[in-house]
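Structure first, then comments.
The values are calculated or read from the model by the stated rules, or taken from the named source; none is laboratory data. The structure presented is a predicted model; accordingly, all values stated were derived computationally and were not measured. When we count neighbours, we look across all protein chains shown, and the Cβ atoms used for this are built from the backbone with ideal geometry, even at glycine.
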Amino acid sequence: MILIDDVLISDDVIEKQFVCNIKKCKGICCVEGDSGAPVEKSETKILKKIYPKIKSYLTPEGIAAIEAQGTFVDEPDDEYTPYATPLIDGAACAYVNYESDGTITCAIEKAWKDGVVDFQKPISCHLYPIRLKPMDSVTAMNYDVWDICSDACTLGKELKVPVYVFLKDAIIRKFGEEFYEVLDKVAKGEMEEEAGE
């Protein structure tokens, strides 16, 4: 485990390798699972605000789910992430978008890429396969192993890309560039070398 500021980072974040292989998995992580994507409290307001702008990117089923459940739902049984994205009939995230080849993408991110909104997507989605869990005085950063991501693990090993490197942009978005630079130095063993000089 590595402690940077108040973030306790699992060794797996540095040691495991991962690169999303959406051509193989087709974005199935947006459909599988027993709850929606975790949503931070600050993001609940953003989802409400951007909904009218992203509505045209959503499927009719996604719109119906959001109109019935809201732009986010309460997850009272989850002490770490009390909010989540709504689901379509208990399966797909309401914010999914289907490409012509059947690949599942995020409607929010598609609108962001088009410059319609300035919110990329919930940080939990951007950080995946990292999951954050607030604890007493620290936030735990863990690597979440999910069998549907086996192709991403294989590709990561082939390309020799550690989880934290694959998620560089997401980590910087959440914790800042300085945090990432320290993490990168620790991962490469440079902090020990500097301390020993």
For residue 33: the one exception among (1) assigned to a helix (DSSP H, G or I); (2) without any contact (Cβ under 8 Å) to a residue 24 or more places away in the chain; (3) closer than 22 Å to residue 146 by Cα | (1)
Just one of (1) farther than 24 Å from residue 175 by Cα; (2) outside any helix (DSSP H, G or I); (3) among the aliphatic types (A, V, I, L, M) trips up residue 140, so point out which.
-> (1)
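Of all residues in the range 5-30, which are assigned to a loop (DSSP other than H, G, I, E, B) and not hydroxyl-bearing (Ser, Thr, Tyr)?
As a first pass, look at the range 5-30 and keep what is assigned to a loop (DSSP other than H, G, I, E, B): 5-6, 10-11, 16, 18-21, 26-27.
Across the range 5-30, the qualifying residues are 5, 6, 11, 16, 18, 19, 20, 21, 26, 27.
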So, first residue among the β-branched types (Val, Ile, Thr) in the range 103-131, second residue in a strand (DSSP E or B) and crowded, with 18+ Cβ neighbours inside 10 Å, Cβ within less than 8 Å, six or more apart or across chains; the pairs are 104/92; 104/96; 104/97; 105/96; 105/97; 130/141; 130/143
At pLDDT 95 or above, exposed (fewer than 15 other Cβ atoms within 10 Å of the Cβ) and part of a helix (DSSP H, G or I) - does that describe any residue in the range 98-118?
-> yes
